[in-house]
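Undergrad: Dumping the structure here so I can ask a few things about it.
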Amino acid sequence: KISEEDLNKFKSKHLDPQLFFEENLTEVYFRKFKIEIALEEVINFRKEILDEKNLKSENFIKYYALIILDGDNMGRWLSGEFLKDKTQLLDFHSKLSEKFNEYAHKTKTTIKEPKGKLVYAGGDDIMAFVNLNHLLPVMRDLRAEFPKFEELGFAIKDNHKSTASAGVVIAHYKTPLSVVLRWARNMGKEAKTIDSQKDAFAMAVLRHSGEISRIVFKWQYNSISTIGIMNELIDALHSDFSNTFIKNVSNEFSWMMDKNGKYDDRVIFLTELRRLIKRSCMIEKKQGENKQDFENRKKKMIDALTGKLKILYENSITLENFFSLLDVADFIERGGTK
């Protein structure tokens with residue numbers, strides 16, 4: 001990876017770190033941005049750093065993520081609306097402040113190089129830039145570590161529990177930061193509209209081509225983690241399944257959706273989804289493995305992936321939202337190369 005020290009070497013010569021990307025090492029780019037150092041000199045300087053770190057141009061990911069996370073219903077919690085005994089409000093605030101300090105400290109450990117860079121962690125608010133390769137684990141950890149207000153030793157009305165929602169944007173490094181920030185804030189607002197309970201994340205992928213994918217899901221459904229399922233899908237795409245089922249199922253059913261992005265025949269959809277997943281399975285017979293054992297292993301993997309995706313399909317707001325989740329997972333697995 002490129003360290004802070006290496007970036008500072010570039011900056012010391014008044015060079016933008018974007019010059020680590022080979023696509024920018026052209027005379028046209030240098031003229032456009034009035035870079036006074038000779039192109040050849042920059043190329044050699046860059047090569048020295050890459051050779052020292054044993055890195056190649058293909059190691060650089062052109063997309064990154066920005067996360068903004070905050071607590072749900074914080075005004076109601078802080079007003080004491082959920083406390084059975086409001087005379088304990090000051091003590092509740094004191095404990096809450098203590099827990100948020102602990103959360104901020106944990107967050108500094110959760111988000112550090114090479115995972116990303118923490119912009120701020122204050123109270124229930126988190127903002128961070130995250131390496132695309134670490135995005136889903138970081139999201140999972142930020143939500144899992146969020147303080148549980150109901151466990152601070154106070155009687156809580158109606159079994160209320162603390163929750164948090166996040167807006168996430170995956171953007172190309174050339175996308176203006178103001179655009180990325182605006183999208184992150186808007187996705188945070190969108191996450192909080194999923195239902196009255198909130199506890200969700202909304203994610204947008206802003207491709208350099210201009211195409212945008214966006215999804216909104218709860219963090220979990222019946223204790224099954226959405227992030228966990230996305231991770232399993234990414235792992236499956238990395239080794240055992242091609243992404244053809246994602247493209248094919250979207251092509252087959254997109255035109256059947258109503259104007260609200262929904263398709264009502266659950267049985268037909270899940271049957272076709274499984275068929276396409278089976279067709280995209282790339283696992284091979286192991287040496288010495290008999291045909292029946294191979295077929296059983298293959299069926300088990302197909303059933304497992306179909307079963308996990310079925311959970312998200314049945315809980316997705318729309319079919320279009322589900323298709324976008326498949327697309328986002330595929331995008332992350334490829335490191336933003338499509």
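Undergrad: Looking only at segment 285-302, count how many residues are among the basic types (Lys, Arg) and either in contact (Cβ under 8 Å) with a residue 40 or more places away in the chain or not in a helix (DSSP H, G or I) (or both).
TA: 2
Undergrad: While we're looking at this one, here's another question. Could you list, in sequence order, all residues of segment 85-112 that are closer than 30 Å to Leu136 by Cβ, open to solvent by 90 Å² or more (accessible area, probe 1.4 Å) and either polar (S, T, N, Q) or touching a helix residue (DSSP H, G or I) at 6+ places or on another chain (Cβ under 9 Å) (or both)?
TA: Within segment 85-112, Asn101, Lys106 meet the criteria.
Undergrad: May I pose another question? Could you grab me the full set of residues in segment 314-326 that are in a helix (DSSP H, G or I) and open to solvent by 30 Å² or more (accessible area, probe 1.4 Å)?
TA: Once the filter is applied, which keeps residues that are in a helix (DSSP H, G or I) and open to solvent by 30 Å² or more (accessible area, probe 1.4 Å), segment 314-326 yields Glu314, Asn315, Glu320.
Undergrad: If you take the residues of segment 327-338 that are touching a strand residue (DSSP E or B) at 6+ places or on another chain (Cβ under 6 Å) and either open to solvent by less than 20 Å² (accessible area, probe 1.4 Å) or among the small types (Gly, Ala, Ser) (or both), which of them is farthest from Glu272 (Cα to Cα)?
TA: In this case the residue turns out to be Gly336.
Undergrad: Let me ask you something else. Among the residues of segment 163-175, count how many are over 18 Å from Asp16 (Cβ atoms) and open to solvent by 10 Å² or more (accessible area, probe 1.4 Å).
TA: 1
Undergrad: For segment 142-161, enumerate the residues that are in contact (Cβ under 8 Å) with a residue 40 or more places away in the chain and touching a Lys or Arg at 6+ places or on another chain (Cβ under 6 Å).
TA: Within segment 142-161, Glu145, Pro147, Leu152, Ala155, Lys157 meet the criteria.
Conditions tested, residue by residue: (1) of a type outside the set (A, V, I, L, M, F, W, C); (2) at pLDDT 95 or above; (3) closer than 18 Å to Ala128 by Cβ.
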| position | (1), (2), (3) |
| --- | --- |
| Ala166 | no, yes, yes |
| Ala171 | no, yes, yes |
| Ser178 | yes, yes, yes |
| Leu181 | no, yes, yes |
| Gly188 | yes, yes, yes |
| Ser196 | yes, no, no |
| Ser209 | yes, no, no |
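Undergrad: Name the single residue, out of those in segment 255-271 being open to solvent by 30 Å² or more (accessible area, probe 1.4 Å) and in contact with a helix residue (DSSP H, G or I) (Cβ under 7 Å, 6 or more places away or on another chain), that is farthest from Tyr313 (Cα to Cα).
TA: Step by step, filter segment 255-271, then rank; the result is Met257.
Undergrad: Please determine whether any residue of segment 46-67 is more than 24 Å from the chain's Cα centre (by Cα) and either β-branched (Val, Ile, Thr) or at pLDDT 95 or above (or both).
TA: Yes, there is a match, as at least one residue in segment 46-67 is more than 24 Å from the chain's Cα centre (by Cα) and either β-branched (Val, Ile, Thr) or at pLDDT 95 or above (or both).
Undergrad: Kindly provide the set of residues from segment 176-230 that are more than 23 Å from Arg76 (Cα to Cα), exposed (fewer than 14 other Cβ atoms within 10 Å of the Cβ) and among the hydroxyl-bearing types (Ser, Thr, Tyr), ordered by number.
TA: Ser178, Ser209, Ser223
To keep it simple, each residue is scored yes or no on (1) touching a helix residue (DSSP H, G or I) at 6+ places or on another chain (Cβ under 7 Å); (2) over 25 Å from Asp195 (Cβ atoms); (3) among the hydrophobic types (A, V, I, L, M, F, W, C).
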| residue | (1), (2), (3) |
| --- | --- |
| Phe129 | no, yes, yes |
| Pro137 | no, yes, no |
| Asp158 | no, no, no |
| Lys161 | yes, no, no |
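Undergrad: A further question follows. So which residues in segment 73-93 are in contact (Cβ under 8 Å) with a residue 12 or more places away in the chain and part of a helix (DSSP H, G or I)?
TA: Of everything in segment 73-93, those that are in contact (Cβ under 8 Å) with a residue 12 or more places away in the chain and part of a helix (DSSP H, G or I) turn out to be Met74, Trp77, Leu78, Gln88, Asp91, Phe92, His93.
Undergrad: Follow-up. Got a number for residues in segment 253-312 being touching a Ser or Thr at 6+ places or on another chain (Cβ under 8 Å) and within 27 Å of Asn222 (Cα to Cα)?
TA: Residues meeting the conditions: 10.
Undergrad: Every residue in segment 290-310 that is more than 24 Å from Thr226 (Cα to Cα) and loosely packed, with under 13 Cβ neighbours inside 10 Å, please.
TA: Listed by number, the residues that qualify are Asn290, Lys291, Gln292, Asp293, Glu295, Asn296.
Undergrad: Any idea which residue in segment 276-288 is farthest from Asn321 (Cα to Cα), counting only those that are in contact with a helix residue (DSSP H, G or I) (Cβ under 9 Å, 6 or more places away or on another chain) and open to solvent by 40 Å² or more (accessible area, probe 1.4 Å)?
TA: Lys286
Undergrad: Quick check, is Lys117 assigned to a helix (DSSP H, G or I), of a type outside the set (Gly, Ala, Ser) and surrounded by fewer than 18 Cβ atoms within 10 Å (Cβ to Cβ)?
TA: It is false that Lys117 is assigned to a helix (DSSP H, G or I), of a type outside the set (Gly, Ala, Ser) and surrounded by fewer than 18 Cβ atoms within 10 Å (Cβ to Cβ).
Undergrad: Checking Glu4 against (1) loosely packed, with under 13 Cβ neighbours inside 10 Å; (2) under 30 Å from Trp219 (Cα atoms); (3) in contact (Cβ under 8 Å) with a residue 60 or more places away in the chain, only one condition comes out false. Which one?
TA: Of the numbered conditions (1) loosely packed, with under 13 Cβ neighbours inside 10 Å; (2) under 30 Å from Trp219 (Cα atoms); (3) in contact (Cβ under 8 Å) with a residue 60 or more places away in the chain, the odd one out for Glu4 is (2).
The values are calculated or read from the model by the stated rules, or taken from the named source; none is laboratory data. Not measured: the values here are computed from a predicted model. With ideal geometry, Cβ positions are generated from the backbone for all residues, glycine too; neighbour counts draw on all protein chains shown. Areas reflect the complete protein model, heavy atoms only, side chains present, ligands, DNA and RNA absent. Shrake-Rupley method; radii C 1.70, N 1.55, O 1.52, S 1.80 Å.
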